[in-house]
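What follows is one structure encoded as structure tokens, with my remarks underneath.
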Amino acid sequence: MTRVLVIDDEPQILRALRINLSVRGYDVVTAATGAEALRAAAGHRPDVVVLGLGLPDMSGIEVLEGLRGWLTAPIIVLSARADTLDKVEALDAGADDYVTKPFGMDEFLARLRAAVRRSSTGDTNEPVIETSSFTVDLATKTVTKNGREVHLTPTEWGMLEILVRNSGKLVSREQLLTEVWGPTYAKSTHYLRVYLAQLRRKLEDDPSHPVHLLTESGMGHRFRP
């Protein structure tokens, strides 16, 4: 049974989608706030997400980015905003489709079926990765060590997230530089030395002998849980 997480602050939308999806054999989980949505996604592992952008506690784009930190399931955005810039922002943040309110149920269901067909259904990673030294939560974009949250700069988080999402795999220097700083920095390897040293000081128990944030000389870097 395909599990759908529906996130929207409008009770009538939640009710209509829950009824229409349930009678068609979908397993439906609903959430009315961003925080509730992130908890539900981590707890229920949806195969597809339907996300309204107008949430009371945080922006829908923030929720989308939080989900995309670890969830590979398709995300369909529902929004009353029909402006092209809003659509581009949502798609750039990781949405697979954008449906404007009000919408026809038949068209919406067709888009949902298409998204599920295109996806590798159920293929998600763990949102929380624990090591012997620190814990990374990809959904909330936070890192804790010894029970306390560690402050990372956006650049430090960008590096860590890429390494963690490729856990156990060698990530080339060029890939890290391109994804964090942009293609014009693909040869600026000194950036990696500086920021990796900062990450090790903040996260490793013994920064001079790292066991989780590893360097393979001349090749790249690897995260080992």
Practice task
Counting only residues that are small (Gly, Ala, Ser) and closer than 18 Å to residue 1 by Cα, give me the helices (runs of 4 or more DSSP H) lying completely in the stretch 18-94 with at least 1 of them.
Solution key: 34-44
Completion exercise
Counting only residues in the stretch 65-77 that are open to solvent by less than 50 Å² (accessible area, probe 1.4 Å) and closer than 18 Å to residue 43 by Cβ, the one modelled with the lowest pLDDT is identified as 69
Handout entry: From the options 180, 194, residue that is among the β-branched types (Val, Ile, Thr), free of Cβ contacts under 8 Å to residues at least 60 places away in the same chain and more than 24 Å from residue 61 (Cβ to Cβ)
Key = 194
Practice task
Can you tell me which residue within the stretch 178-206, out of those that are at pLDDT below 85 and among the aliphatic types (A, V, I, L, M), is most open to solvent (accessible area, probe 1.4 Å)?
Solution key: 180
Exercise for the section: Only residues that are open to solvent by less than 40 Å² (accessible area, probe 1.4 Å) and of a type in the set (A, V, I, L, M): list them for the stretch 17-41, please. Expected result: 17, 21, 28, 29, 31, 32, 35, 37, 38, 40, 41
Fill in the blank from the handout: Exception for residue 13 within (1) surrounded by 15 or more Cβ atoms within 10 Å (Cβ to Cβ); (2) under 30 Å from residue 128 (Cα atoms); (3) touching a residue at least 40 places away in the same chain (Cβ under 8 Å); (4) not basic (Lys, Arg) falls at (2)
Problem - the stretch 87-145 - residue that is in contact with a helix residue (DSSP H, G or I) (Cβ under 7 Å, 6 or more places away or on another chain), β-branched (Val, Ile, Thr) and closer than 18 Å to residue 61 by Cα and, of those, modelled with the highest pLDDT - result: 99
Practice task
Considering only the stretch 207-225, state which residues are surrounded by 18 or more Cβ atoms within 10 Å (Cβ to Cβ) and under 14 Å from residue 177 (Cα atoms).
Solution key: 220, 221
Practice task
Scan the stretch 94-105 and give yes if some residue there is within 17 Å of the chain's Cα centre (by Cα) and either over 23 Å from residue 22 (Cα atoms) or among the small types (Gly, Ala, Ser) (or both), otherwise no.
Solution key: yes
Completion exercise
Contact list, first residue from the stretch 30-52 and closer than 16 Å to residue 70 by Cβ and modelled with pLDDT of 90 or more, second anywhere and in a helix (DSSP H, G or I) and open to solvent by 10 Å² or more (accessible area, probe 1.4 Å), beta-carbon distance below 7 Å, six or more apart or interchain, is 34/62; 47/116; 48/116
Exercise for the section: Output yes when any residue across the stretch 138-154 is in contact with a His (Cβ under 9 Å, 6 or more places away or on another chain), open to solvent by less than 40 Å² (accessible area, probe 1.4 Å) and small (Gly, Ala, Ser), and no when none is. Expected result: no
Practice task
Determine, yes or no, whether residue 22 is closer than 26 Å to residue 162 by Cα and among the small types (Gly, Ala, Ser).
Solution key: no
Exercise for the section: Please determine, by comparing only the residues of the stretch 79-114 that are β-branched (Val, Ile, Thr) and farther than 17 Å from residue 65 by Cα, which one is surrounded by the most Cβ atoms within 10 Å (Cβ to Cβ). Expected result: 99
Practice task
Identify all residues within the stretch 78-91 that are out of contact with any Asp or Glu (no Cβ under 7 Å at 6 or more places or on another chain) and within 23 Å of residue 47 (Cβ to Cβ); write none if there are none.
Solution key: 90, 91
Completion exercise
Going through the stretch 194-225 in order, the residues found to be polar (S, T, N, Q) and either touching a His at 6+ places or on another chain (Cβ under 6 Å) or in a loop (DSSP other than H, G, I, E, B) (or both) are 208, 215, 217
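The values are calculated or read from the model by the stated rules, or taken from the named source; none is laboratory data. Everything numeric in this text was worked out from a predicted model, so none of it was measured. Backbone-built Cβ (ideal geometry, glycine too); neighbour counts: all protein chains shown. Note: areas computed on protein heavy atoms with side chains; ligands, DNA, RNA excluded. Shrake-Rupley method; radii C 1.70, N 1.55, O 1.52, S 1.80 Å.
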